[in-house]
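Report on the structure given below.
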Amino acid sequence: MIEPQRFREVMASFPTGVVVLTAFGHDSLPRGLTVSAFCAVSLDPPLALACVDKTSNTLPAVQHAGGFTANILAAGREQLARRMASKLSEKFDGIAWRRPESAHGGPILEGDCAAYAVCTLKDTIDAGDHWILIGNVVEGDHREGLSPMIFSRRGYFGL
């Protein structure tokens, strides 16, 4: 079996987009975390998946809300990506966001995302130390002129 450090190095060489997954907790307050594993699963029906660490502070909010919003960060939003990757309790202080039309989604980050997808939680699959969340995309949009941010080898880049 491959050693954990070598596995991290191998996987860090694969460039990915940077997504802030958001949901509202039991207290109606926003929760969020940065993920690099997010992709389309199916066009019909429109499904997407995100992988979330089982120890995530945001996971209970996703389960409570019955869904999540995947905010695909725009280039140049490295500070926000790092903030949402932390365990800070006040991650949303000073950040502009709005509620989605769907009751199941989380905050849509105003001005910070190149695109977003609001998802209702369809399925949760156990995958080692992570959960694979399958979401039915019920709302979404993209912003012309904003390029997405890329993460590779522990660095953030624009297209």
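Computed from the coordinates by the stated procedures, all read-outs in this text should not be read as laboratory data. Nothing here was measured: the structure is a model prediction, and the numbers come from that model. Neighbour counts are summed over all protein chains in view; Cβ atoms, including those assigned to glycine, are modelled from backbone coordinates with ideal geometry.
Positive-end ranking of Gln63, Pro100, Met11 along the dipole of the chain, with charges on Cβ about the Cα centre, is headed by Met11.
Is the C-alpha gyration tensor of region 12-159 telling us rounded, prolate or oblate? Criteria: a/c under 1.5 is rounded; beyond that, a/b larger than b/c is prolate, otherwise oblate. Here region 12-159 falls in the rounded category.
For the chain, the relative contact order is 28 percent, taking Cα pairs closer than 8 Å that sit 6 or more residues apart in sequence and dividing their mean separation by the residue count. Here the gap between Thr124 and Ser89, fully extended at 0.36 nm per residue and compared with their Cα-Cα distance, gives a gain of 10.1 nm. Helical content alone sets the calculated 222 nm signal of the chain at -4000 deg cm²/dmol, taking -39,500 (n - 2.57) per DSSP H segment of four or more residues and averaging over every residue.
Residue order for Val118, Val10, Val41, fewest other beta carbons within 10 angstrom first, comes to Val10, Val41, Val118. Look at the alpha carbon pairs under 8 Å that are at least 6 residues apart: their mean separation over the length of region 30-89 gives a relative contact order of 37 percent.
The GluC sites (Glu not before Pro) of region 48-135 that DSSP puts in a loop, and whose beta carbon has at most 12 other beta carbons within 10 Å, are Glu90, Glu101, Glu110.
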